[in-house]
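Novice: Okay, handing you the structure first.
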Amino acid sequence: MEEEKVRVQKQSDDRFKYTTEVHREVNDEGHELSYKQTRRVIKSNFHQDSAPLRSQITEENMNKRVSWINEHTQWRKPKWKRVVWTDEKIFELHPQKGKLYTQLLEGETSEDFPLVKMHQGKKVMIWGAISGQGKIFLDVITETLDAYAYCCFLYQRGLPAKKAICQKSYIFMQDNAPAHRSKLAQLFLEISGIEVLKWPPQSPDLNQIEEVWLWMEMKIKNKAFKNIEELTDYIFETREKTPNDTILRFVEKLSDKMNYILKQKERIS
């Protein structure tokens, strides 16, 4: 039936569109079905699942990720232990707890239709670093993180903290955030004699400190805080209670992730 095909196509064009929107749009185009019939068509052709929060990786960046993995699969465990993984994380005082659902056709999964999360409301930015020795450091960033503020932070607190958690020579990992890849930051790290790990684009899943952020979010998500100060205090308390063995497990998961990405690339090639 032509009216049913139109509704299926409308939903396929936007998997996050509500049934009411689909119904209104197709009726405005002159295809007449009742809302109950529209809902039946959608339910018979699609099934719902919660949408994952991630960015779609371009083919060019996927190739760069695979090249990076191939370059680093030969690294032995002692060298990976020298890496200090760093990142900033925003924790929200009142995070959005509701889920967005996507409509899926048979054979599809929610991973095919990711959703990018937007931060809203009061929040605190935390800078973190972990090492292959299982140590963790956190600090609060109170300024807007431009290139100058980032370099000041590293000079005053970040680099001294890295020496504390990794006293021998280390390899500094940072992602490709604008402040990180700025010419000022690159020059500052070069002058400071810091060996920087070249990082592939769109690769937060390869940054092992992301596992720490997820761990902390799980500890925090069911808590209620009166203000940012209470939230910040609890973040640092959680840091103190995180076992070293847990950090080590996070770091050691990298090889599994790299192998998975290589297999996925082979599957779609």
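The values are calculated or read from the model by the stated rules, or taken from the named source; none is laboratory data. What you see is a predicted model, and the numbers here were worked out from it, not measured in a lab. A quick note on method: Cβ atoms are made from the backbone with ideal geometry, for glycine too, and the neighbour counts reach across all protein chains shown.
Novice: Within segment 67-93, track down each residue that is within 14 Å of Ile130 (Cβ to Cβ) and without any contact (Cβ under 8 Å) to a residue 40 or more places away in the chain.
Specialist: Scanning segment 67-93 gives no hits.
Novice: For segment 76-89, how many residues are modelled with pLDDT of 90 or more and within 15 Å of Asp256 (Cβ to Cβ)?
Specialist: Of the residues in segment 76-89, 1 are modelled with pLDDT of 90 or more and within 15 Å of Asp256 (Cβ to Cβ).
Novice: Could you go through segment 135-153 and let me know if any residue there is more than 24 Å from the chain's Cα centre (by Cα) and part of a helix (DSSP H, G or I). Walk me through it before giving the result.
Specialist: Let us first name the residues in segment 135-153 that are more than 24 Å from the chain's Cα centre (by Cα), namely 148, 152.
Narrowing the set further to residues that are part of a helix (DSSP H, G or I) leaves 148, 152.
Yes, segment 135-153 has at least one match.
Novice: All but one of (1) surrounded by 13 or more Cβ atoms within 10 Å (Cβ to Cβ); (2) in a helix (DSSP H, G or I) hold for Met218; which doesn't?
Specialist: (1)
Novice: Could you check segment 7-46 and list, in sequence order, the residues that are over 30 Å from Asn176 (Cβ atoms), modelled with pLDDT under 80 and either basic (Lys, Arg) or loosely packed, with under 13 Cβ neighbours inside 10 Å (or both)?
Specialist: Filtering segment 7-46 down to residues over 30 Å from Asn176 (Cβ atoms) leaves 7-13, 17-46.
If we keep only those that are modelled with pLDDT under 80 too, we end up with 17-18, 31-33.
Within segment 7-46, Lys17, Glu32 qualify.
Novice: Based on this model, can you work out whether Asn244 counts as among the polar types (S, T, N, Q), touching a residue at least 60 places away in the same chain (Cβ under 8 Å) and over 24 Å from Tyr150 (Cβ atoms)?
Specialist: Numbers: among the polar types (S, T, N, Q): yes; touching a residue at least 60 places away in the same chain (Cβ under 8 Å): yes; over 24 Å from Tyr150 (Cβ atoms): yes.
Judged against the criteria, Asn244 is a match.
Novice: Based on what the data block shows, is Ala161 hydrophobic (A, V, I, L, M, F, W, C), farther than 23 Å from Lys135 by Cα and surrounded by 18 or more Cβ atoms within 10 Å (Cβ to Cβ)? Steps first, answer last, please.
Specialist: Numbers: hydrophobic (A, V, I, L, M, F, W, C): yes; farther than 23 Å from Lys135 by Cα: no; surrounded by 18 or more Cβ atoms within 10 Å (Cβ to Cβ): yes.
It is false that Ala161 is hydrophobic (A, V, I, L, M, F, W, C), farther than 23 Å from Lys135 by Cα and surrounded by 18 or more Cβ atoms within 10 Å (Cβ to Cβ).
Novice: Can you pull out the residues in segment 217-243 that are among the hydrophobic types (A, V, I, L, M, F, W, C), modelled with pLDDT under 90 and in contact with a strand residue (DSSP E or B) (Cβ under 8 Å, 6 or more places away or on another chain)?
Specialist: Hit for segment 217-243 is Ile220, nothing else.
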